[in-house]
Amino acid sequence: MSDVVISVRDLTKRFGDFTAVDRISFDVHRGEIFGFLGANGAGKTTAMRMLCGLSYPTSGSGTVAGYDVRTESEQIKRHIGYMSQRFSLYNDLTVWENIRLFAGIYGLSKTQTEERATELLDRLNFSSERNTLVCSLPLGWKQKLSFAISTIHRPEVVFLDEPTGGVDPVTRRQFWEMIYEAADGGTTIFVTTHYMDEAEYCSRVSIMVDGEVRALDTPARLKQQFAAESMDEVFRTLARGAQRGE
Amino acid sequence: MRAFIVLVQKEFLQIRRNSFLPRLIIAFPILVMLLMPLIMTMDVRQVNVAVVDLDRSTTSRRIASHISASEYLTLAQTTAEYPFAMEALEQGQVDVIVQIPADFERDMTVATPERISITANAVNATKGGMGMQYVVQTIAHTLSELRGEKSPAKLSGLVTIENRYNPTLNYRYYMIPALMIILFILICGFLPALSIVGEKENGTIEQINVTPISRFMFILSKLVPYWLIGFFVVTVAMLVARLVYGLTPVGSIGAIYFGALLFILTISGFSLTIANFSETMQQTMFVMFFFIMIFMLMSGLLTPIDSMPMWAQRFTLILPPRYFVEVLRSVYLKGTTIVELWTNYAALGVFALIFNILAALTYKKQA
């Protein structure tokens with residue numbers, strides 16, 4: 001667990017006068033499920049986008065999978081998976097066509113693609129939906145598919161931006177089982193969520209308020225530190241001090 | 001390479017799945033090529049002429065009958081009162097008034113007669129101008145015929161006229177190349193831009209940006225399908241021009257395809273550059289329309305560049321369609337070769353390079 005996969009020092013992103021992310025620093029270890037919490041507008045998505053090489057940091061430094069977020073963003077992209085807040089598979093393609101597309105983009109050969117697609121569809125019990133257009137799947141299924149596709153190239157780290165927003169409790173549970181499976185396989189999970197029960201599932205949790213990381217520890221120790229019964233209470237204690245509104 | 005193949009495959013699948021695009025791509029060129037040449041004509045027909053006959057002679061009646069026999073002119077009325085004819089002109093029933101002065105026939109044989117006066121409604125400058133010319137020609141013809149009957153030397157045999165390259169002065173032959181260019185601009189210009197902006201709106205572009213795919217490869221995968229579609233469009237357009245209007249290029253087909261290739265590259269690269277700067281469909285459409293207006297009206301597609309003011313003529317040098325319309329018209333009507341037109345091909349090549357490099361450079365994976 002000592003192997004550091006993500007390392008961030010004083011990472012900052014400013015849009016004009018507005019500091020979206022303010023000098024955040026933390027390390028994430030291999031195989032960890034790292035919960036990245038914060039109220040709406042706290043800067044979670046911006047921070048995540050910098051780590052994924054979608055957004056260029058204003059200052060500070062960071063490495064993901066051993067590559068610099070400033071200078072080696074394209075190398076980072078080979079080693080990570082990303083699932084955004086918005087569903088972003090191609091709605092007008094079928095399940096199989098989406099798998100083939102993203103597998104191909106990451107350079108998997110035809111036979112590898114076929115193998116992994118079969119394995120993935122089996123795992124999700126999706127084999128019958130292979131030729132279904134993605135737009136006609138229910139949201140929960142879409143999200144599971146989206147996660148499975150974001151890990152099709154066996155990345156070192158997967159970034160999940162509110163993956164379970166709007167998903168029913170049963171599917172949410174299945175989703176977290178998939179996350180655990182991936183983490184057991186050695187994939188590092190970096191996940192943002194608004195569900196505090198999900199925060200309890202994480203190995204460690206950081207809480208962002210107004211662009212800064214205000215707390216970072218295991219859920220158990222955080223509860224102890226804030227003398228709280230649940231993560232929900234911890235979160236509310238911290239978020240109450242927020243200056244930024246919704 | 002595998003990445004590129006799956007990306008191009010994805011573009012084709014998306015075009016095919018679209019309920020509207022495949023039909024548009026097939027029906028649009030056919031419809032435009034079938035209908036527009038009939039409509040986009042500057043030939044003036046149906047010019048209504050009023051003859052104010054104050055002479056009431058054989059000559060004046062002959063003039064009137066020649067006018068009514070002309071393919072382009074219609075004899076709307078003959079009257080003895082100029083004010084009646086003027087009223088008809090004001091009401092738009094008549095385009096040109098011909099007034100034949102009293103004693104015209106008699107004076108013609110003795111001395112210099114009073115002049116025939118012609119008045120044209122020039123609100124529609126083209127119709128007025130052309131109508132006037134037709135009337136003058138017809139009258140001149142009638143008069144020379146009359147003279148010819150009296151003297152042995154035939155005046156009409158003294159002038160020969162030949163229109164090189166478009167012998168029948170058919171306006172369609174001039175418009176068909178322009179229509180092909182308009183098709184390219186609309187299909188290969190709009191569709192790639194809309195496809196990129198569509199991905200921005202759906203958020204799928206972010207999923208692509210977070211993969212290691214290079215921006216050149218992604219842009220290229222957007223372009224390849226539209227190049228192929230462009231070739232389809234030029235083929236359909238040439239077929240319709242041939243089958244329906246009997247217009248075949250005098251020059252080589254290769255020269256047309258080569259020009260089309262460069263022009264499609266240019267216009268699709270241009271379109272992607274616009275898309276990179278747009279966030280929404282509306283924005284893209286609006287900006288594209290702005291440029292398309294300029295392309296259509298200033299590139300010599302519809303009006304000759306030589307008659308534009310000097311500053312405008314200089315400005316056309318930076319408009320890619322200008323070079324391609326010259327290529328199409330010269331190859332189609334004159335049979336000019338690639339070698340003779342090399343400056344046009346070179347200009348298109350440079351534009352293609354500039355716009356495609358610009359499209360790749362302005363595409364940002366990291367903001």
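With the requirement that a residue be within 14 Å of chain A (Cβ to nearest Cβ) and free of Cβ contacts under 8 Å to residues at least 12 places away in the same chain, what does the range B:1-40 give you? The answer is B:M1, B:R2, B:I5, B:V6, B:Q9, B:L13, B:R16, B:R17, B:N18, B:S19, B:F20, B:P22.
For A:G41, the test of being assigned to a loop (DSSP other than H, G, I, E, B), surrounded by fewer than 23 Cβ atoms within 10 Å (Cβ to Cβ) and modelled with pLDDT under 95 is passed. Quick check, is B:I5 in contact with a Gly (Cβ under 9 Å, 6 or more places away or on another chain) and surrounded by fewer than 15 Cβ atoms within 10 Å (Cβ to Cβ)? So B:I5 fits the description; yes.
Residue-by-condition table, conditions (1) touching a residue at least 24 places away in the same chain (Cβ under 8 Å); (2) assigned to a loop (DSSP other than H, G, I, E, B); (3) assigned by TED's automatic domain parsing to the domain that holds B:G254:
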position	(1), (2), (3)
B:F290	no, no, yes
B:M293	no, no, yes
B:M296	yes, no, yes
B:W311	no, no, yes
B:R314	no, no, yes
B:L317	no, no, yes
B:T336	yes, yes, yes
B:V339	no, yes, yes
B:T343	no, no, yes
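Condition first: closer than 19 Å to B:T336 by Cα, in contact (Cβ under 8 Å) with a residue 24 or more places away in the chain and out of contact with any Ser or Thr (no Cβ under 7 Å at 6 or more places or on another chain). Can you find one or more residues in the range B:263-281 that meet it? Yes; the residues of the range B:263-281 include at least one that is closer than 19 Å to B:T336 by Cα, in contact (Cβ under 8 Å) with a residue 24 or more places away in the chain and out of contact with any Ser or Thr (no Cβ under 7 Å at 6 or more places or on another chain).
Of everything listed in (1) without any contact (Cβ under 8 Å) to a residue 60 or more places away in the chain; (2) within 20 Å of A:V158 (Cα to Cα), the single unmet condition for A:D10 is (2). B:Q283 meets all of the listed conditions (1) modelled with pLDDT under 90; (2) more than 23 Å from B:I30 (Cα to Cα) but one, namely (1).
Has the range B:26-45 got at least one residue that is touching a helix residue (DSSP H, G or I) at 6+ places or on another chain (Cβ under 7 Å), over 30 Å from B:V234 (Cα atoms) and not in a helix (DSSP H, G or I)? No, there is no match, as no residue in the range B:26-45 is touching a helix residue (DSSP H, G or I) at 6+ places or on another chain (Cβ under 7 Å), over 30 Å from B:V234 (Cα atoms) and not in a helix (DSSP H, G or I).
Quick check on A:T45: is it within 12 Å of chain B (Cβ to nearest Cβ), touching a residue at least 60 places away in the same chain (Cβ under 8 Å), β-branched (V, I, T) and closer than 30 Å to A:L11 by Cα? Answer is yes for this residue.
Condition (residue is modelled with pLDDT of 80 or more, in contact with a Pro (Cβ under 9 Å, 6 or more places away or on another chain), surrounded by fewer than 13 Cβ atoms within 10 Å (Cβ to Cβ) and among the charged types (D, E, K, R)) applied to the range B:113-124: is it met by at least one residue? The answer is yes; a qualifying residue exists. Residues in the range A:100-128 that are surrounded by 15 or more Cβ atoms within 10 Å (Cβ to Cβ) and within 21 Å of A:E177 (Cα to Cα): A:R116, A:A117, A:L120, A:L121, A:L124, A:F126. Note on the range A:48-78: residues that are outside any strand (DSSP E or B), β-branched (V, I, T) and touching a residue at least 24 places away in the same chain (Cβ under 8 Å) total 3. For the range B:192-207, which residues satisfy the criterion of being touching a helix residue (DSSP H, G or I) at 6+ places or on another chain (Cβ under 6 Å) and either more than 14 Å from every other protein chain (Cβ to nearest Cβ) or among the hydrophobic types (A, V, I, L, M, F, W, C) (or both)? If the condition is that a residue be touching a helix residue (DSSP H, G or I) at 6+ places or on another chain (Cβ under 6 Å) and either more than 14 Å from every other protein chain (Cβ to nearest Cβ) or among the hydrophobic types (A, V, I, L, M, F, W, C) (or both), then B:P192, B:A193, B:I196, B:V197, B:I205 are the ones that fit. For the range B:338-367, a residue qualifies if it is polar (S, T, N, Q) and more than 14 Å from chain A (Cβ to nearest Cβ), and the qualifying residues are B:T343, B:N344, B:N356, B:T362.
If you go through the range A:163-185 and pick out every residue that is among the small types (G, A, S) and closer than 17 Å to A:R123 by Cβ, you end up with 3.
Here the range A:51-75 is the region considered, the condition is being more than 9 Å from chain B (Cβ to nearest Cβ) and among the aliphatic types (A, V, I, L, M), and the residue that is surrounded by the most Cβ atoms within 10 Å (Cβ to Cβ) is A:V64. Scanning the range A:199-218 for residues that are in contact with a helix residue (DSSP H, G or I) (Cβ under 7 Å, 6 or more places away or on another chain) and not in a strand (DSSP E or B) returns A:A199, A:E200, A:Y201, A:C202.
Residues of the range B:314-330 include none that is surrounded by fewer than 20 Cβ atoms within 10 Å (Cβ to Cβ) and within 30 Å of A:L54 (Cβ to Cβ). Of the helices (runs of 4 or more DSSP H) entirely within the range B:172-269, those holding at least 1 residues that are touching a Pro at 6+ places or on another chain (Cβ under 8 Å) and surrounded by fewer than 20 Cβ atoms within 10 Å (Cβ to Cβ) occupy B:215-245. Evaluation of A:V4 against the conditions (1) out of contact with any helix residue (DSSP H, G or I) (no Cβ under 9 Å at 6 or more places or on another chain); (2) more than 17 Å from A:T188 (Cβ to Cβ) shows that the sole unmet condition is (2).
The values are calculated or read from the model by the stated rules, or taken from the named source; none is laboratory data. This structure is a prediction, so every number in the text was calculated from the model and none was measured. Cβ atoms come from the backbone with ideal geometry, glycine included; neighbour counts cover every protein chain shown.
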